[in-house]
Structure formats: C-alpha cells, structure tokens
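Working notes, beginning with the structure itself.
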Amino acid sequence: MNKDHGPWDSADSAPAAEDAGRAPANPWLVSQSDPAMRRPIAARSGTPRIRGGIMRRLQVRWPWLAAAGIVATLLTASVRVIGEGQQGLVYTFGHHNRTLSAGIGLALPWPLASVQAYPVGTPQTLALPAAETEQLLPTRDGQLINASAEMRWTITDPAAFAAAVIPAETALRDLADAELRAAIAETPFDAAWDGTGRAAIANRMAVRLQAALNARRAGVRIDRIAITRADPPGVLAESFARLAKARAEARDHRTKAEEWSARTLNNARAEAQDFERIYLQYRAAPEITRRRMYYETMERVIANNDRVIIGGSAGAQVVLPDTKASPSAPAQPKAP
Amino acid sequence: MRASLAKRTLLLVCAGIGLLAISAVSVIGDREQAVIMRLGQPDRVVNGFAANRPGIGGVIAHLPFAERVVRLDRTLVSFKAENITVRSADQQRRNLALLGTYRITDPVRLVRTLGGEAQLNRELANILPALAQAEFGRVDADQLALPGGGGAWHRLAAQLDARARTLGVQVSDVRALQVALTEADRQTTFARMQEEREAAALSAADEGMQQALQIRSAAEVEAARIIGASAGRDPEFYDFYRAMSSYETMFADPGKRDRATLILSPDNAYLRQMNNRGGGR
C-alpha cells in the first residue's frame with residue numbers, strides 16, 4: 001500500500017477544509033495521469049481547479065447528498081406495494097409478525113424484513129396438466145384416456161398457506177394431480193368419455209383434495225373443479241371416429257325404419273277407415289255401390305290415359321286423338 | 001503518519017469485529033428450525049419442531065466460526081419420488097411416481113444420522129424403490145391404480161415412516177402421483193382399445209340393420225292387422241275395393257308422366273252398355 005497517496009493520509013495532511021482534503025482523496029483525481037479515466041467522471045472531479053465556486057459548494061454538500069440518497073433508497077426499499085386482492089406477510093428477522101393489506105405498506109428493507117404477497121379471497125386458476133399436452137391416465141377398465149382438469153381455488157388463510165406445506169404451490173398442484181389420477185382410475189372409460197361420469201370425477205376429486213388440504217391445515221378452499229377434457233388417445237382418434245360414424249349410421253337406419261313404419265301404419269289406418277266408410281254404403285246397397293265404384297274408377301282411369309277402343313261384333317270403333325299406340329296395337333283387333 | 005497508522009489499525013479492528021458480529025448472528029425463519037453445530041457436534045436446536053406450537057423465527061447468536069448453523073424445514077415438506085418401476089402380483093410392470101410429505105421431528109437425530117435435508121431427500125429416494133416393490137408386489141396391477149391401492153399405499157407409508165423415524169423424520173400421506181404403463185404395455189393397451197372399437201363399430205352397424213328390420217316388420221304386421229280387422233268383415237268386397245283403389249293409383253293419377261294407351265274391347269265391362277243398341281239386354 002502506498003501511504004503517500006492513501007486516501008486516509010491525504011485527508012489528514014490537508015487540514016484546510018474537508019472538501020479540499022476530499023478532492024485528492026477522490027480516486028478519480030489521483031488517476032489524472034491516466035487519460036482514459038478522465039472522460040465523463042474525471043471531468044467532474046477536475047472542475048474545482050478551473051471553476052472553483054459552484055463545484056466547491058457542491059463538494060461541501062456531497063456527503064449530505066450521499067446520505068440523503070441512502071436514506072431515500074432505504075425509504076423506497078421500505079415501501080411495499082401490495083396488489084389488489086392480495087395480502088402481504090411481513091417476516092421481520094424471519095418472523096411473521098404482521099400482515100399488510102392491499103395498498104402501500106411499510107416494512108423494513110431487505111434483508112431485515114421480507115414480504116410475501118398472496119392473493120387472498122381471490123380465486124386462482126390451476127390447469128392440470130399445466131401445458132396443453134396429452135395426459136394419458138388409466139381408467140378402471142384398463143384403458144387410457146387423455147384427461148385434463150381445471151381447478152379454481154382460493155387462499156383463505158395466507159399465514160396457514162405459507163406455513164403448512166412447502167413448497168406450497170407445487171404441493172397443491174401435485175396433490176390435485178394425484179387426485180385427478182385417482183378419480184379417473186375409479187371411472188370406466190366410457191363414463192369418462194361420454195361425459196356421464198365427468199361430474200362425479202370432478203366432485204370426487206374436489207372432496208378428496210379438500211380433505212387432504214384440511215388435514216394439512218393448508219388454508220385453501222377448492223371452489224370448483226371441472227374436467228375440461230376426457231378424450232381417447234390421439235393415436236386412436238381414427239378408430240374412435242369410425243365407431244362414432246358406425247353408431248350414427250345405425251341410428252340413421254333406425255330413424256328411417258321408424259319413419260317408414262309410421263307412414264305404413266298411417267296408410268293402413270287411412271285405408272281401413274276409408275274401407276269402413278265405403279263398406280257402410282255397400283251394406284246399404286251392395287250392387288249399386290259396387291257398380292258406382294267401378295264406373296267412377298274407370299272414368300278416372302280412362303280419362304287419364306290414351307285409349308283405343310277396337311270394335312267387336314258391333315263395329316263401334318273409337319280412336320281418340322294424340323294416340324301414341326305402338327303400330328302393332330291397332331293391327332291386332334280383338335276378335336269379338 | 002503515526003496517527004494514521006493508529007487510525008488504520010482501529011479501522012481494521014472495527015472491520016474485524018463487524019465481520020465477527022455478522023458471522024455470529026443468523027436469522028431463522030418461522031418455517032425453519034436450526035441445529036447449531038459446535039465443532040461438528042449438534043449443540044442446541046433453535047425453533048425446533050413441537051406439535052401444535054407455531055414456529056417463531058428470529059435472530060439468534062452463536063459463536064463465530066466454531067459454530068455452524070444447519071437449517072432444516074420445520075413445516076410439512078412435500079416430496080416426490082419418480083420413476084419407480086414395480087412388478088405387481090400379476091406380473092405387470094408399472095412405473096410409479098409417489099407423492100408424500102415428511103416432517104422433521106427430531107432435527108438433532110437427522111443431523112447426526114444424515115447431516116442435513118438434502119441427504120434426507122437422497123435417502124428417501126434410495127429406500128423407496130425397494131419398499132415400493134415389496135408392497136406392490138403383493139397386489140394386482142388394477143388394484144394398484146385405485147386410490148389406496150388395495151392397502152398397499154398405507155402399508156408403504158407405514159414402512160417408510162418406520163424407516164424415517166430412525167432418522168428423526170415422520171412420513172405421512174404417501175399416495176400415487178402417477179401409475180404409468182410401460183411403453184410396451186401402452187402399445188398393447190392401444191391395440192386392445194382399437195380392437196374393441198373396431199368390433200363395436202361392426203356390431204353397431206349390425207345392430208342398426210337388425211333393429212331397422214325389426215321395426216319395419218313389426219309395422220308390417222301391425223298394418224296387416226289393421227287392414228285385416230276391417231277387411232275381415234267382407235273379404236270379397238275388400239278384394240273389389242282394393243282392386244279399384246289399386247287401378248286408381250296405377251292408372252288414374254293425373255300427374256303421372258307417361259300415359260298408357262288402353263286398348264278396350266267393347267266387350268269390356270265398362271263399355272258393355274255401348275253394345276246395347278237401343279237399350280235393354
């Protein structure tokens with residue numbers, strides 16, 4: 001160590017004024033010989049010689065400025081902002097001695113105190129699995145289902161939450177994961193897949209998870225669990241689609257058959273009804289009804305067709321216009 | 001110069017004292033317990049675990065250098081053990097991940113036996129596979145997947161707890177985080193699921209056809225019954241009535257596209273009267 005140029009020596013040997021002594025004590029000033037050190041900061045240190053007045057007065061103040069800076073920094077570090085819906089646990093020297101509510105609070109700066117903020121009373125969402133990946137879980141009947149769940153949970157007691165189990169968030173996620181797996185393991189594949197069993201899965205999961213959390217005094221409430229996905233494995237998507245199509249077609253066949261049978265039955269009923277009606281007339285006057293029906297039908301039949309009447313013994317021959325009869329038709333007069 | 005030397009010495013002494021003071025003080029959190037080791041031997045415990053007493057952290061003093069502070073968790077600690085392969089009683093291989101909690105109840109014993117918490121975690125990971133195999137080798141694979149695992153999880157927790165207690169640690173709440181199939185078993189399962197679906201698709205199609213057929217034949221029978229109930233009153237007249245309505249449908253629809261050409265002989269019943277010149281038969 002070079003005593004002559006040591007900072008403490010200089011302060012001692014220049015008793016004139018503190019600022020005057022400080023100036024050479026400033027390492028920047030000592031290093032004047034080094035031009036590289038001159039640029040922005042060296043320029044400031046060099047100024048007293050050139051323009052003594054203002055800088056001199058500034059130099060008198062800089063310890064105060066520094067002190068003020070430190071105080072400001074400490075104050076700033078003491079101000080803790082707790083977000084909306086959160087509570088901050090203040091650990092002073094490692095001990096949780098008070099809780100800050102939302103807004104601006106004061107706590108000793110680090111490392112004397114630390115503040116851990118938790119959302120309290122505000123539901124949080126947890127997705128299982130965290131990423132949109134395929135999670136294949138075994139079902140009760142030994143199949144695999146791609147399941148995911150979403151959970152809403154609330155911290156009711158932040159101190160308990162922080163003190164119950166560590167690491168708190170990871171432990172919660174792992175527990176929920178385990179319960180999802182367990183609930184799926186108890187459910188047959190089809191019930192999980194077609195949706196009939198999903199409410200039961202979510203319910204069972206919620207109840208068990210809450211029980212486990214209560215046993216640990218975790219200060220957490222499970223608000224709602226929903227099974228967001230319960231699909232067949234991706235590699236089997238095609239065969240499941242084929243099955244769905246086959247089922248839809250079968251349903252289609254049945255629907256068509258039902259429609260057809262409804263039509264058939266309606267027709268039968270209508271015919272039976274019609275027959276009943278005419279039969280009443282027939283019973284009243286059998287021969288007349290029969291004749292009338294015959295002529296009426298013939299009227300309509302002949303009116304709606306082209307006709308050729310070939311005379312027999314009587315020679316009456318009527319050929320009506322726009323006949324499209326094949327040439328062979330008139331060539332074969334019916335023998336009387 | 002002499003004064004400056006004194007000053008410098010003083011400063012060095014101050015710095016030394018400061019350093020000593022800092023190394024003689026530790027902050028222990030509420031959620032921590034600490035064993036103070038004096039020359040490598042556990043000397044005292046700070047904020048040690050006691051049931052139903054919340055942890056109270058604070059600043060503690062200890063000898064600098066001669067005493068070392070070993071920090072341990074005071075809360076329940078969640079631990080995971082992954083990739084444990086077991087063979088079930090029915091010779092199925094499963095890849096387990098376990099989830100459990102432990103609590104350090106006797107920190108001095110833990111520090112004496114293992115040294116610290118990192119070693120504890122390693123130790124748990126070491127002893128778990130053999131214990132898991134011993135327990136799960138007694139149950140079938142499909143039971144293993146169920147909650148409780150046919151009692152195996154409880155037995156495993158008890159076994160693990162017994163071992164852990166010799167280390168000053170209690171283990172509780174061991175459960176399955178994952179019961180995964182091996183890759184080969186996964187492929188087998190996929191194949192089986194696929195076969196089941198193909199078979200189900202075929203039978204769904206068959207069943208659909210059959211049901212449709214049944215529905216149709218049932219309707220036919222019913223329709224015949226309805227007609228029969230009416231027609232049975234006079235089968236001969238029904239025959240006539242049905243013939244008329246059939247002619248009507250076949251030939252008398254004014255909307256039909258292709259008109260037929262009817263070649264009628266005057267002998268036809270309809271034209272019979274035409275032959276009756278002057279009336280009377």
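Every number in this text was worked out from the coordinates using simple rules, so none of it is lab data. Being a predicted model, the structure only gives us computed values, none of them experimental. We place every Cβ from the backbone using ideal geometry, glycine too, and count neighbours over all the protein chains shown.
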For B:LYS7, list the aspartates and glutamates whose Cα falls under 14 Å from its own Cα; do not include residues on the same chain fewer than 8 positions away.
A:ASP9, A:ASP12
Once the in-chain neighbours fewer than 8 apart are removed, the aspartates and glutamates whose Cα is under 19 Å from A:LYS256 read B:ASP206, B:GLU207, B:GLU220, B:GLU222
Stick to the Cα atoms of the range B:78-153, pair each with every other, and give me the Kirkwood hydrodynamic radius in Å at one decimal.
13.5
Cα→Cβ-extended label distance, 7 Å offset, between B:ASP206 and A:ASP141, nm:
1.8
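Using a Förster distance of 35 angstrom, determine the FRET efficiency expected from the C-beta separation of B:ASP142 and A:GLN124, and round it to 0.05. Each step should come with its number before you reach the end.
Values: r = 35 Å, r/R0 = 1.01.
The formula returns an efficiency of 0.50 here.
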With all pairs of different alpha carbon atoms counted, what Kirkwood hydrodynamic radius in Å does the range B:10-133 show?
17.0
Between B:GLY151, B:GLY228, B:GLY255, find the one with the highest GNM mean-square fluctuation for chain B; connect C-alpha pairs within less than 10 Å.
B:GLY255
Going by alpha carbons, how many degrees (0 to 90, nearest 10) lie between the helix axis of B:117-136 and the longest principal axis of chain B?
40
For the pair A:SER78/A:THR228, report the inter-label distance in nm, with labels modelled 7 Å from Cα in the Cβ direction.
4.4
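Shape of the range A:141-250 from its Cα gyration tensor (a ≥ b ≥ c, root eigenvalues): rounded if a/c is under 1.5, otherwise prolate when a/b > b/c, or oblate? Please report the intermediate quantities before stating the final value.
On the way: a/c = 3.27, a/b = 2.91, b/c = 1.12.
Here the range A:141-250 falls in the prolate category.
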Per the 1/(1 + (r/R0)^6) rule, R0 = 51 Å and r from the Cβ atoms of A:ASN214 and B:ALA218, FRET efficiency to 0.05 is 0.30
Considering the Cα positions of the range B:170-281, please state its Rg to one decimal place and its Dmax as a whole number of Å.
34.9, 126
Dividing the convex hull volume of the Cα atoms of the range B:166-224 by its residue count, what figure in Å³ per residue is obtained?
138
If you line up the long axis of helix B:152-165 against the longest principal axis of chain B, both from Cα atoms, how many degrees apart are they, to the nearest 10?
10
Per-residue ³J(HN,Hα) for the range A:88-104, Karplus 6.51 cos²θ - 1.76 cosθ + 1.60, θ = phi - 60°, Hz, x for Gly and Pro:
x, 8, 9, 9, 8, 6, x, 10, 6, 10, 7, 10, 8, 8, 4, x, 9
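Please identify every one of the chymotrypsin sites (Phe, Trp or Tyr not before Pro) in the range B:87-176 that sits in a loop by DSSP and has no more than 10 other beta carbons within 10 Å of its own beta carbon. Walk me through the intermediate numbers first.
Working: sites: B:TYR102, B:PHE136, B:TRP153; in loops: none.
Those that pass, being in a loop and sparsely packed, number zero.
Please report the orientation-averaged projected area of chain B, defined via the convex hull of its C-alpha atoms, in nm².
Numbers: hull surface 166.2 nm².
Projected over every direction and averaged, the Cα hull of chain B covers 41.6 nm².
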Which distance in nm do the two modelled labels at B:ASP161 and B:PHE65 give, with both placed 7 Å along the Cα-to-Cβ direction?
4.7
Only Cα pairs within less than 10 Å get springs; with that Gaussian network setup on chain B, which residue of B:LEU12, B:LEU131, B:LEU114 has the largest fluctuation?
B:LEU12
How about the range A:252-284: which GluC sites (Glu not before Pro) there are in a DSSP loop, with at most 16 other Cβ atoms within 10 Å of their Cβ?
none
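Given an 8 Å cut-off on Cα distances and at least 6 residues of separation, report the relative contact order of chain B as a percent.
Details: 340 pairs, mean separation 37.1, N = 281.
Result for chain B is 13 percent.
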Could you let me know the centre-to-centre spacing of the range B:20-76 and the range B:203-270, using Cα atoms, in angstrom?
101
Quick one: work out Rg over Rh on the C-alpha atoms of the range A:234-308, Rh as Kirkwood radius.
1.44
For a quick check: with amide H placed at 1.01 Å from N, whose amide H comes under 5 Å from B:LEU76's, ignoring anything fewer than 5 positions away on the same chain?
A:ILE166
Under 5 Å from the placed amide H of B:ALA260, counting only residues 5+ away or on other chains, we find A:ASP306
Label point 7 Å beyond Cα of B:THR182 along Cβ direction - residues of the range B:83-101 with amide nitrogen under 12 Å:
B:85-88, B:91-95
Provide the per-residue ³J(HN,Hα) series for the range A:171-186, in order, calculated from phi with Karplus coefficients 6.51, -1.76, 1.60 and θ = phi - 60°, each as a whole number of Hz, with x at glycine and proline positions.
4, 5, 4, 5, 4, 4, 4, 4, 6, 4, 4, 5, 5, 5, 4, 8
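Are there trypsin sites (Lys or Arg not before Pro) in the range A:165-235 that DSSP marks as loop and that have at most 16 other Cβ atoms within 10 Å, and which are they? Numbers along the way, then the final one.
On the way: sites: A:ARG173, A:ARG181, A:ARG198, A:ARG204, A:ARG208, A:ARG216, A:ARG217, A:ARG221, A:ARG224, A:ARG229; in loops: A:ARG216, A:ARG217.
Here the sparse-neighbourhood loop sites are A:ARG217.
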